[in-house]
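Below: the structure, in structure tokens.
The values are calculated or read from the model by the stated rules, or taken from the named source; none is laboratory data. Values in this document were obtained by computation on a predicted structure and should not be read as measured data. Ideal geometry is used to build each Cβ from the backbone, glycine not excepted, and the neighbour counts take in all protein chains shown.
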Amino acid sequence: MKVAPSILSADFGKLAEEVRAICDGGCDLVHVDVMDGHFVPNLTIGPVVVKSVSNVATRPLDVHLMVENNTFFVNLFAPLQPKYISFHLEEEKHPHRLIQHIRSFGISPAIVLNPHSRPEDLEYIINDLDMVLLMSVNPGFGGQKFIPSVVEKAARLKDLILRKNAHALIEVDGGVNDTNVHALKKAGVDIVVAGSYVYGSDDYGKAIRSLQI
């Protein structure tokens, strides 16, 4: 299991130090939540701050867009060359076009599904994706309680990936800890996002390793 700590839960007063700490602690990716205050009721960070994050991170960035006007935000963040840019299916009228646009920058495209959305909605674009992010909380804020039904949803998504002979990884974001990570692993999840679990611990490295099962 790969681990992508979310800097949404970091102390932004010492953000560079917090990013270095998770990288030194052995994380696999640095998860960056971009919220516009419209698609979700929260406002986070823009490309200026993320550029500073990329300057100190020794692990690839995983940029999660929770925004309206996806193409505008993809164009803002693509010059920073994150490993992944993910966007919400619920907000995009032309997902296939946007997937190809993200890939044109040499960035791996990913789609996010909110708790109510079905894996089957990805059947005709799953082969074009490098990752699918399943929200196990309602997007917008950190520290929420894990929604257990995402485990069964991840298993259904894994079945779809195998049936379509696709290569997309499965990522889960929201309320992940050292207890529920085992069920996620069994369901076929490849990457977990953990914000409050990692940044709320006394030892970031120990918290990260507890999820790398």
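Looking at (1) surrounded by 14 or more Cβ atoms within 10 Å (Cβ to Cβ); (2) under 17 Å from LEU8 (Cβ atoms); (3) at pLDDT 95 or above, which one does GLY46 not meet, given that it meets all the others?
(1)
Among the helices (runs of 4 or more DSSP H) confined wholly to region 23-128, which include 2 or more residues that are of a type in the set (Gly, Ala, Ser) and free of Cβ contacts under 8 Å to residues at least 40 places away in the same chain?
Filter on region 23-128 gives 47-56.
Looking at this structure, is MET35 aliphatic (A, V, I, L, M) and in contact with a Phe, Trp or Tyr (Cβ under 6 Å, 6 or more places away or on another chain)?
In short, no.
With ILE161, ILE147 as the choices, which residue is farther than 23 Å from PRO60 by Cα, in a loop (DSSP other than H, G, I, E, B) and without any contact (Cβ under 8 Å) to a residue 40 or more places away in the chain?
When all the criteria are applied, what remains is ILE147.
Determine whether region 127-146 contains at least one residue that is among the small types (Gly, Ala, Ser), in contact with a helix residue (DSSP H, G or I) (Cβ under 9 Å, 6 or more places away or on another chain), crowded, with 18+ Cβ neighbours inside 10 Å and on the phi > 0 side of the Ramachandran plot.
no
Give the residue that is surrounded by the most Cβ atoms within 10 Å (Cβ to Cβ), with candidates limited to residues of region 84-105 that are among the basic types (Lys, Arg) and out of contact with any strand residue (DSSP E or B) (no Cβ under 6 Å at 6 or more places or on another chain).
Once the filter is applied, the top-ranked residue is ARG97.
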